[in-house]
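First the structure, in the form of C-alpha cells, and then the observations on it.
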Amino acid sequence: MLMSHTHVHESHEQLKDALDTLKQTGVRITPQRHAILEFLVDSMTHPTADDIYKALEGTFPNMSVATVYNNLRVFREIGLVRELTYGDTSSRFDFITTEHYHVICESCNKIVDFHYPGLDEVEQFASHVTGFEISHHRMEIYGRCPDCSNKDLH
C-alpha cells in the first residue's frame, strides 16, 4: 500500500510528537520502543501485538511477544495507544490520532477508521441533557468490507 506524501509527512510529525510525549513522561526511548511506535504510526490496520512482533522480529531477534505487549501497555498508560477489543479474540492497537470511529467487518474483522467531526456535538448534547461530565465516547459501525462483499458475488 503506497502512502501519499502528505501521509508520510503526517506520520513523521505524529511519531515525533509521540517520542516527545515519551521523553516528557520519563519513559526511556529504546530502539525497540521507537520501532514499535513507528510501526503503529505507519500502520493503518490496527495491528495485534503478534502482528507487530512478526513485523519487527527480523530487526530485533531477541525481542519477545511479551516485550511488545509490555511496551504497548506503557504506551496505553501514557495515552499514546488505544487498545481495541472487538469481536475477535486478540486486542488490536490503534495509535491515537484525532478522534475517529471504526467500521468493522463482520466477516474478516478488518477495522477501518473514519472521521466524522459532527459527533463531537453528541458529547455536548449528552452533557447538557443529563448533567454528566462527559469524558469520551466510542462508536462502532458494523458491516461487510468490500473484499468480503465481492467474495459473495463470485
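The values are calculated or read from the model by the stated rules, or taken from the named source; none is laboratory data. All figures in this text were calculated on a predicted structure; none of them were measured in a lab. Cβ coordinates were reconstructed from backbone atoms using ideal geometry, including for glycine residues, and neighbour counts include every protein chain displayed. Accessible surface areas use protein heavy atoms only, side chains included; no ligands, DNA or RNA. Shrake-Rupley method; radii C 1.70, N 1.55, O 1.52, S 1.80 Å.
Which number in (1) exposed (fewer than 11 other Cβ atoms within 10 Å of the Cβ); (2) modelled with pLDDT under 75; (3) of a type in the set (Ser, Thr, Tyr); (4) under 23 Å from ASP42 (Cα atoms) marks the one condition that TYR116 misses?
(1)
Take segment 82-102 and flag every residue that is modelled with pLDDT of 85 or more and in contact with a Lys or Arg (Cβ under 9 Å, 6 or more places away or on another chain).
Of everything in segment 82-102, just one residue is modelled with pLDDT of 85 or more and in contact with a Lys or Arg (Cβ under 9 Å, 6 or more places away or on another chain), namely GLU83.
Name, by its number, the condition in (1) surrounded by fewer than 17 Cβ atoms within 10 Å (Cβ to Cβ); (2) modelled with pLDDT under 90 that does not hold for CYS105.
CYS105 satisfies all of (1) surrounded by fewer than 17 Cβ atoms within 10 Å (Cβ to Cβ); (2) modelled with pLDDT under 90 except (1).
Among (1) open to solvent by 10 Å² or more (accessible area, probe 1.4 Å); (2) more than 16 Å from the chain's Cα centre (by Cα), which single condition is MET63 missing?
Against the list (1) open to solvent by 10 Å² or more (accessible area, probe 1.4 Å); (2) more than 16 Å from the chain's Cα centre (by Cα), MET63 comes up short only on (1).
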